[in-house]
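The values are calculated or read from the model by the stated rules, or taken from the named source; none is laboratory data. Just so you know, these numbers come straight off a predicted model, no measurement behind them. When we count neighbours, we look across all protein chains shown, and the Cβ atoms used for this are built from the backbone with ideal geometry, even at glycine.
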Amino acid sequence: MSRWNWNPAPTVDADHAAERPEGAAVSGVPAAARVAIAMSGGLDSSVVAALYAEQGRPAIGLSMLLWDAVQTPRNGRCCGALDLGDARVVAEQVGIPHYTLRLDEEFRQRVVDPFVRDYLEGRTPSPCVRCNTFVKFDLLLERAAALGAAKVATGHYARIVPGDGSRRGELELHRARDLSKDQSYFLFELDQQQLAAVEFPLGELTKTEVRALAARAGLVVAGKGESMEVCFVGSGVREFVEQQVRLRPELAASAAGEGAEPANEGAEVSTRDGRVLGRAEPYYRYTVGQRRGLGIAAPEPLYVLGVEPRANRVVVGGREDLLAEGLLGERLHWIGSDLEAATRDEVTVRIRSRHEGVAARVRPLGDGRVAVRFASPQSAVAPGQAAVFYRGSRVLGGCWIERAARGAELAAGAASWGVG
Amino acid sequence: MNVWLGARHANPSSLHASGRAARAAVEQARRQVADLLAARPEEVVFVGSGSEANNAVIAGLISGEASRRSAPPALVVASFEHPSVLAAAERAATQGAEVVRVPPRSDGRVAAADVEAELAGLRARGGAERSVLVALMLANNEIGTLQPVAEVAERCRRHRALLLCDAVQAVGKVPVDVAALGADFVVLGGHKFHGPLGSGALWIRSGIEIEPLLVGGSQERRRRAGTENVPAIVGLGVACALAAEELDDRADHLSRLRRRLERGLLASIEGCTLHCTDTPRLPNTTSVRFHGVRAQELLIRLDLAGFAVSTGSACSSGAVEASPTLLALGLSEEEALATLRISCGLPNTVDEVDALVAALGRESEALRRATARVAS
């Protein structure tokens, strides 16, 4: 048995599948056993397809056309039509049927528009989380179920493991074995139902192993690079935002508030105590923690501390001014039912995807709002990013950052906070 | 045709013996194509596809006429023409041509009167001298409806417009007589009637000249430069000869299958609607809508069950969008996305049709159940 036989799912009917004649449709196999593989045309999901085909699991490949490639011509990224073409070739290569679902309108509503609005409202968006929550593990699950697929497998680097003790029957989401590739941060909004319907076969593998598998299977995508940036954005995020606003002015109108237009002229750059340092580009070109592009000469490097759309103001300061003792969050989400443990003890919180994590205490405030107090001050707490809570490798849940908070705010009116 | 890929590989323009043999084979194929269309061999130009032929006519006419006339050339195209016609027309528009689209009526046909109204308008705007080309397919590819080409041809003559008839869907399934059609250009593609992929022919009425799309060679009487694809041409000729011989039998067989299919669908599946059944259609095409079902999902389920059916239009990635043809008939986007195209082929049997009807019933019901589960 090779070491990537990670966790054969109970629904596998490998014997049955192996019996089917070469090239025959998988019609003879009970529909419940079929797995839909979400294929982007990239290396990772291609390797998933190769693995399942090799194991004889009845599978189909599904690709999503999420963004009109004609509108934003791109190469070698997940949204491009070229990549989807690769998905078809790989599916053919490993011998599974492949279909493309057009979900671009839904993707625009659920991911792209909120992304643009976030910028216009001074936040730093996390489109990949939204895409997972509302497209891949929502719409795609729905569509796959309609096609008779019992589960959806993706090339995400994360692990799903059964809970123990009182949470027997529940599922836990964990970081990938290969921490350098771990994508669990982007999956924090999944719930039990979603976890039960998906498989992450790459979670136990390292990227090196995945590359080796691709090469061994002779996949046409074996030499492909990584897609690191936001898949639907072309050359520059700011240019993209402006282009979208030009195409759909209503996006800007709702962001700027009743009857207002978002400021298009250069933003005022000022310090926290109101000292105006000059003018920069429009506010939505800046995000919290940004250092470059301010165009203001100062003895010490200046960082963006805050973006104020209504005032068209960018507040700047020194590196130490970026530090915050905690954050206030909204739309709190827990993956498991053991929330008490999560709030009683310290957890590790990551406040952006590349954040190494810091010990913190989480205190729900009701109505989905939450206060998070770091064990030590953290730099660049950016509104719009996700704060994801971990215990060890396990993802407990998370929230969306409303704003950075001072220690006094976090303690206010909270007698039990930090005591005991 | 296989021998022309191997042992008898030769360039028909070569003067040696094997070249002459290749030339003879090409010319025999030309006669076979001409015979199927009741045309003269010298009017037939071999091309690589129906799309090439459509492009050649539109681009050729525009490039030939644009510089000569006072008013810019004009195109009248049915709105549900093949993409090769629509895109070539769009390109012509960027080069100064005036392009008018005529939608079909709800019976799935373009009305001759609608075309004539546009022709009158174009003449009124551009004078009698401008060159005008009308494009009307003989049979629509999605719903199979036969278009009133002869009637439109008569109106074209009256207004001194040329008529391009894309007959790719129809040739080999219904009789096509170029004289009776009255068009000036007729396009066919081999793979639609069991000929080779990548084969096609353009019939050009004697006396009409257009600027060739491909220049730089004297092949095809200087109407299409480039070494002939002898194997494809020979295969196309054979397909035409067989079609001419078997046309009636084929049409009978296909009609019988379709009658069984359509009766079966209506009798056994609730919530399905057939499109344009009261209009004369190709014998093999059925357009059917399954209420409350996404046709692409039905297509996938059928594919997995071993049946190949189609939806309206698919892009190169395989994604599906609402068919403009169906929208033009007055269907809503949701209805268009619920529509399947089913084509019976010559090798199909009555048993296969029955099995397909059963599978459609089973899979559409499963889909409705799955969708209801999600909604609840």
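Assigned to a loop (DSSP other than H, G, I, E, B) and either of a type in the set (Val, Ile, Thr) or at pLDDT below 85 (or both): is that true of A:Glu281 in this structure? Step through it out loud before you land on a result.
Numbers: assigned to a loop (DSSP other than H, G, I, E, B): yes; either of a type in the set (Val, Ile, Thr) or at pLDDT below 85 (or both): no.
In short, no.
Any idea how many residues of region A:146-172 are within 12 Å of another protein chain (Cβ to nearest Cβ) and without any contact (Cβ under 8 Å) to a residue 40 or more places away in the chain?
Qualifying residue count for the region: 1.
Can you name the residue in region A:301-350 that is polar (S, T, N, Q) and under 22 Å from A:Arg369 (Cα atoms) and is also modelled with the highest pLDDT among such residues? Outline the logic, then answer.
Kept after step one, since they are polar (S, T, N, Q), are these residues of region A:301-350: A:312, A:337, A:343, A:348.
So of that shortlist, the ones also under 22 Å from A:Arg369 (Cα atoms) come out as A:337, A:343, A:348.
Working: A:Ser337: 87, A:Thr343: 83, A:Thr348: 97.
My answer is A:Thr348.
If you check B:Gly292 against the conditions, is it within 14 Å of chain A (Cβ to nearest Cβ), more than 26 Å from the chain's Cα centre (by Cα) and in contact (Cβ under 8 Å) with a residue 60 or more places away in the chain? Steps first, answer last, please.
Details: within 14 Å of chain A (Cβ to nearest Cβ): yes; more than 26 Å from the chain's Cα centre (by Cα): yes; in contact (Cβ under 8 Å) with a residue 60 or more places away in the chain: yes.
Against the criterion (within 14 Å of chain A (Cβ to nearest Cβ), more than 26 Å from the chain's Cα centre (by Cα) and in contact (Cβ under 8 Å) with a residue 60 or more places away in the chain), B:Gly292 qualifies.
With region B:5-105 as the region, which helices (runs of 4 or more DSSP H) entirely inside it contain at least 2 residues that are without any contact (Cβ under 8 Å) to a residue 40 or more places away in the chain and at positive phi?
Numbers: elements: B:17-37, B:50-65, B:83-94.
By residue number, no helices (runs of 4 or more DSSP H) qualify.
Got at least one residue in region B:137-154 being surrounded by fewer than 21 Cβ atoms within 10 Å (Cβ to Cβ) and either farther than 30 Å from B:Arg341 by Cα or basic (Lys, Arg) (or both)? Can you show your working first?
So the first thing to find is which residues in region B:137-154 are surrounded by fewer than 21 Cβ atoms within 10 Å (Cβ to Cβ), and the list is B:146, B:148, B:150-151, B:154.
Pick out the ones that are also either farther than 30 Å from B:Arg341 by Cα or basic (Lys, Arg) (or both) and you get B:154.
Scanning region B:137-154, I find at least one residue that is surrounded by fewer than 21 Cβ atoms within 10 Å (Cβ to Cβ) and either farther than 30 Å from B:Arg341 by Cα or basic (Lys, Arg) (or both), so the answer is yes.
Scan region A:371-394 for residues that are of a type in the set (A, V, I, L, M, F, W, C), closer than 18 Å to A:Arg123 by Cβ and modelled with pLDDT of 95 or more and report the count.
Residues meeting the conditions: 6.
Restricting to region B:330-376, give me the number of residues that are more than 21 Å from B:Arg263 (Cβ to Cβ), within 14 Å of chain A (Cβ to nearest Cβ) and not charged (D, E, K, R).
Of the residues in region B:330-376, 10 are more than 21 Å from B:Arg263 (Cβ to Cβ), within 14 Å of chain A (Cβ to nearest Cβ) and not charged (D, E, K, R).
Can you name every residue in region A:323-378 that is small (Gly, Ala, Ser) and surrounded by fewer than 17 Cβ atoms within 10 Å (Cβ to Cβ)?
Within region A:323-378, the subset small (Gly, Ala, Ser) is A:324, A:326, A:329, A:336-337, A:341-342, A:353, A:357, A:359-360, A:366, A:368, A:371, A:375-376.
Across region A:323-378, the qualifying residues are A:Ser337, A:Ala341, A:Ser353, A:Gly357, A:Ala359, A:Gly366, A:Gly368, A:Ala375, A:Ser376.
Tell me, yes or no, whether region A:155-175 has at least one residue that is at pLDDT 95 or above and more than 22 Å from A:Arg391 (Cβ to Cβ).
yes
Only residues in region B:140-168 that are more than 17 Å from B:Ala113 (Cβ to Cβ) count as the first member; pair them with residues that are of a type in the set (D, E, K, R) and assigned to a helix (DSSP H, G or I), Cβ under 6 angstrom, at least 6 apart or cross-chain, and list the lot.
So the pair list comes out as B:Val168/B:Lys192.
Taking region B:318-329 as the search range and keeping residues that are within 14 Å of chain A (Cβ to nearest Cβ) and within 21 Å of the chain's Cα centre (by Cα), which one is farthest from B:Val288 (Cα to Cα)?
Within region B:318-329, the first condition is being within 14 Å of chain A (Cβ to nearest Cβ), and the residues that meet it are B:318-323.
Now narrow it down to the ones that are within 21 Å of the chain's Cα centre (by Cα): B:318, B:320-323.
Details: B:Gly318: 20, B:Val320: 16, B:Glu321: 16, B:Ala322: 14, B:Ser323: 13 Å.
Only one residue fits best here, namely B:Gly318.
If you scan region B:154-183, which residues turn out to be touching a Lys or Arg at 6+ places or on another chain (Cβ under 9 Å) and in a strand (DSSP E or B)? Lay out the reasoning, then the answer.
Pass one, region B:154-183, residues touching a Lys or Arg at 6+ places or on another chain (Cβ under 9 Å): B:159-163, B:168-173, B:178, B:182-183.
Across region B:154-183, the qualifying residues are B:Leu162, B:Leu163, B:Val171.
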